[in-house]
Every structure is written in C-alpha cells, then in structure tokens.
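The values are calculated or read from the model by the stated rules, or taken from the named source; none is laboratory data. Because the structure is a prediction, the values reported are computed rather than measured. Here the Cβ positions follow ideal geometry from the backbone for every residue, glycine too, while neighbour counts run over all protein chains shown. Each accessible area value is taken on the protein alone, full model and side chains, heavy atoms only, with ligands, DNA and RNA left out. Shrake-Rupley method; radii C 1.70, N 1.55, O 1.52, S 1.80 Å.
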Amino acid sequence: MINTIQLGPLTLHVYGIMTALGYLSAFIISELRARKKGMDTDILYGIFWCAVLGGSLGSKLLYYIVSIPDILKNPSILWDFQNGWVVYGGIIGGVLTSLVYCRYKKADFIRYLDLVLPAVAFAQGCGRIGCFFAGCCYGRETDFPLHIQYWQSEYAPNGVKLIPTQIYSSIGDFAIAFLLMAYAKQEPKRGKVAAGYCILYSIGRFVIEMFRNDYRGAVGFLSTSQLISVFILILGIAMSVWAGKAGEPGAAEDKTEQEK
C-alpha cells in the first residue's frame, strides 16, 4: 500500500490528505445542515476551529499518556509531531474546547453537538481510509480471504496477511454518519442525536479493538480505547434517557431561533 505521493519537490501523504478531507467534509456537512436548520453559522465556524485545535491537542496528549513507558525509555517521542495521535483524545479534546466556546458565546452546546457529531463520524471514516494507506491502526494476522498485506509500511508488519480493521472502521463510521443524519430528519428531541453517536461509536470501537494488533495502551485486559468506550457508552445511554425526559423537539427550537 502506497502512502507517499511525490509531485516533483512536493511530497504528499495520503494519510494527511484524507485527514484534511475529513475536516473539510465535516465542516461542509455541518454548515449545510446548520443553514437548513436556521442555526448561527458564525458559532459553527468557532466550534470548527476549537475542534481542530482542541482535537489536535487532546489527540496528542492522550497518546503521550498511553505511551508513558515508551517516553521514559525514549524522550525524543515527545518531539515527534508527525506520528502518535489517538482518535478518542481528539474527540474528547474537541468536545471540551467546543463546550467552553459555546458557554462563552452563550450558545446551546447540545444543539450544536447534535448538529456536528454526524459530520464528525463522516470525517472519522475519511481518516480511517488514511490509516489504511499509512498502515497504522492495523489488525491481527489472519488467513481469511478478506485481508490486507503491506510491503512498504512504516507501521504495520510487512509481508503478513492482516485483518483490514481500518476499512471496517471506515465503513462503520460512514454508516454511523448517514444513520444519524437520517435520524436527525425525524426531528428527535434535543440531545438524542449526540447520544446516538456516543452509543454507536463506542460499541463499534470496542468491537473493532478486539481485532487490532497495534499498541494502544492497556488497562487490565482492556485496551485504553475499550475502557474509554465503556464510559462513552454509559454517557450516551445517560444522555439518551435525559433527552427523552427533559429534551424538547429540535424542530421547535430551530423555528424559535429563526424567529429571533
């Protein structure tokens, strides 16, 4: 699998291209949906940049946390900003910085969370395609006909048949994105779409972790991401219950904002 594209003096990495495409697609999808709902796109722009900066910081920070043993052996890892990013750290960092921003702007954080999370899932699907080309986040060895074999990867073992966990993750992320956008059209109560993302993504991530074979840190018999998935699942269920009892229909809120 080729990850590097050479255009004269310019070197492009498919992983970087797909990551950028993910951010761009998430923003476009969110903006289109925001305009249809009559939501403030200026707030959305702020959330986007908070998600980019906070997500990058959170992703790198969680990588450092799960890699403490390796960092103690080789401190130079701290200065390697090309490799070493953890998706869950990016999600958590992006959500927290967006929450702070929405509070500062006195915007309804839950409504914007409902708006952007389907697009986030779509962006994750793009990112996993990048992982597939780079060879990171690779799966266990397999004799199953559906496998991937790398020959020039800097991350995955070369010449070994592996489960294409990146592709399965990507398909799952795209499915979550389209399911949540279809669900949002049914005008669910405020917070239900965000809860749906937490539930679906955490379950999918927990399962796919069973088939991955790259080092992700571990807590007991669970990988770090599986442990986080358990908490995200509980959060999603709690949010769904709360939204069902206290939430208001999103359509009614959208109309109210349009009238303002």
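Tell me which chymotrypsin sites (Phe, Trp or Tyr not before Pro) from the range 86-193 have a DSSP coil assignment and no more than 11 other beta carbons within 10 Å of their own.
Sparse-neighbourhood loop chymotrypsin sites (Phe, Trp or Tyr not before Pro): Trp151.
Using only the alpha-carbon atoms, what does the range 12-54 span along each of its principal axes? Please give whole angstrom values in decreasing order.
38, 21, 10
Can you tell me what percent of all Cα-Cα pairs in the range 183-246 are more than 14 Å apart?
Of the Cα pairs, 59 percent sit more than 14 Å apart.
Show me, for the range 169-180, the HN-Hα J-couplings you get by feeding each phi into the Karplus relation (A = 6.51, B = -1.76, C = 1.60, θ = phi - 60°), rounded to Hz, glycine and proline as x.
Result, ordered by residue: 5, 4, 4, x, 5, 5, 4, 4, 4, 6, 5, 5 Hz.
Given H placed on each backbone N at 1.01 Å, which residues far from Lys161 in sequence or on other chains put an amide H within less than 5 Å of it?
Thr142
May I ask which residue of Ala177, Leu222, Gly236 lies farthest towards the positive end of the charge dipole of the chain, with charges of +1 (Lys, Arg) and -1 (Asp, Glu) on Cβ and the Cα centre as origin?
About the Cα centre, the residue reaching furthest to the positive side is Gly236.
Step through the residues of the range 210-225 one at a time and calculate ³J(HN,Hα) from phi using the Karplus curve (6.51 cos²θ - 1.76 cosθ + 1.60, θ = phi - 60°), rounding each to whole Hz and writing x for Gly and Pro.
5, 9, 7, 10, 8, 6, 10, x, 8, 10, x, 8, 9, 6, 4, 5
Take the Cα coordinates of the range 7-145, assign each an equal point scatterer, and use the Debye formula without solvent to give log10 I(q)/I(0) at q = 0.09, 0.16, 0.21 Å⁻¹.
Relative scattering, expressed as log10 I(q)/I(0), comes to -0.34, -0.91, -1.25.
Can you work out the accessible area per residue across the chain, with the rest of the protein chains kept in place, probe 1.4 Å, in square angstrom?
54 Å²
Keeping the other protein chains in place, figure out the carbon and sulfur percent of the accessible area of the chain, with a 1.4 Å probe.
Here carbon and sulfur together make up 68 percent of the probe-accessible area.
Charges at C-beta only: +1 for Lys and Arg, -1 for Asp and Glu. How large is the resulting dipole of the range 155-233 about its Cα centre, in Debye rounded to 20?
Once rounded to the nearest 20, the dipole reads 180 debye.
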